[in-house]
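For reference, the structure discussed in these notes is given below.
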2 protein chains.
Amino acid sequence: MRALLQPQAEDFDLAAVLHALGDPVRLELLRRLAADGETTCSPEGMAVPRSTLSNHWRILREAGVTATRVHGKTRLVTLRRDELDARFPHLLGAVLGEFAHPAPAAPAPGPAASAPAASAPAGPA
Amino acid sequence: MRALLQPQAEDFDLAAVLHALGDPVRLELLRRLAADGETTCSPEGMAVPRSTLSNHWRILREAGVTATRVHGKTRLVTLRRDELDARFPHLLGAVLGEFAHPAPAAPAPGPAASAPAASAPAGPA
C-alpha cells in the first residue's frame, strides 16, 4: 500500500491550505465533510469525473485539510478540523460560514412585477 | 483610462477569494495592506518582478480582496476589509492570524540534550 502524503500539523502552510480551499468543487467537498463526517472519496451527487475528484482530494490531503485512510478497497476521508482549528483559529469556521449572520430578510422587492429591484445596499448589522 | 475590474461586494465568490489568498506572495501583499493601509502597487522589499506582482494584484483585485485607484501615474491599492468582513465574517482575521493564541513555547524538538524546560503553563487570561 502506498503511503499517502499527509503533512504533520506543524508543517501546515497557510497559503497551501487557502489554495486547497480556493476551488468550488473542493469547497463543496469541505462542506460535505464538515456536515457528514467521514466520507468515501466518491461521495454521491458530485457531478465531477472520478479522476478529477481524485485530484481534488489529493490537493486537500496534501495541504493537510483532510486525512485519508484506506479500508479494503475504499478510501475514507475525514476533515482534520481540530488540527486546522488549532493552527489557524477560526479559518475553517469562517470558510464554512459559521460566523455569518443569518441572512437578513430579503427586502421585499419593491413594487414587484416591473421595476428592477432597487440596488439594496447589503446592510449587515 | 481603463476601467479596472472590481466586483461588487454582493458578487464576491468565496472560492475566488480563497484562491486569491492562496499564494505566498499574495498573502504577503495582504499582510502589508492590513498593516500599512493604502499602498502603491510596487511596495518596497518585495523580491518579485514587477510584471509578476502586477499579476498578483490583478488576481486580488478581481476577487474583490483589494480596490485600486489610479492617482496620476500611480496605482494605489487598499484592502476591502469592511466588505469582506461583512460578507465572510472572520475570514480575513483568521487569515491574518488575528485569532491565534500567542505561540506556546515550542516544545524541545525530540528528546533534547538536557533537561526540557518545565512547561510553563500559559499565563492566565
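You will find that of B:VAL77, B:VAL17, B:VAL25, the residue that is part of a helix (DSSP H, G or I), modelled with pLDDT of 95 or more, surrounded by 15 or more Cβ atoms within 10 Å (Cβ to Cβ) and touching a Ser or Thr at 6+ places or on another chain (Cβ under 9 Å) is B:VAL25 and no other. The condition (being in contact with a Phe, Trp or Tyr (Cβ under 8 Å, 6 or more places away or on another chain) and in contact (Cβ under 8 Å) with a residue 12 or more places away in the chain) is satisfied by just one residue among A:THR40, A:THR74, A:THR68, A:THR78: A:THR68.
All of (1) surrounded by fewer than 16 Cβ atoms within 10 Å (Cβ to Cβ); (2) within 19 Å of B:GLN6 (Cβ to Cβ); (3) at pLDDT below 95 hold for B:ASN55 with one exception: (3). Among the residues of the stretch A:49-57, are any touching a residue at least 12 places away in the same chain (Cβ under 8 Å) and touching a strand residue (DSSP E or B) at 6+ places or on another chain (Cβ under 6 Å)? No, every residue in the stretch A:49-57 fails to be touching a residue at least 12 places away in the same chain (Cβ under 8 Å) and touching a strand residue (DSSP E or B) at 6+ places or on another chain (Cβ under 6 Å).
Checking the conditions here, which among A:GLU83, A:GLU38, A:GLU44 is in contact with a helix residue (DSSP H, G or I) (Cβ under 6 Å, 6 or more places away or on another chain), acidic (Asp, Glu) and more than 13 Å from chain B (Cβ to nearest Cβ)?
Result of the check over A:GLU83, A:GLU38, A:GLU44: A:GLU83.
Taken residue by residue, the stretch A:37-57 has no member that is within 27 Å of B:HIS101 (Cα to Cα) and either assigned to a helix (DSSP H, G or I) or of a type in the set (D, E, K, R) (or both). Selection within the stretch A:11-32: residues that are touching a residue at least 40 places away in the same chain (Cβ under 8 Å) and acidic (Asp, Glu). The member of this set that is farthest from the other protein chains (Cβ to nearest Cβ) is A:ASP11.
The values are calculated or read from the model by the stated rules, or taken from the named source; none is laboratory data. Source: prediction; values computed, not measured. Don't worry about glycine lacking a Cβ; one is built from the backbone with ideal geometry, like all the others, and counts go over all protein chains shown.
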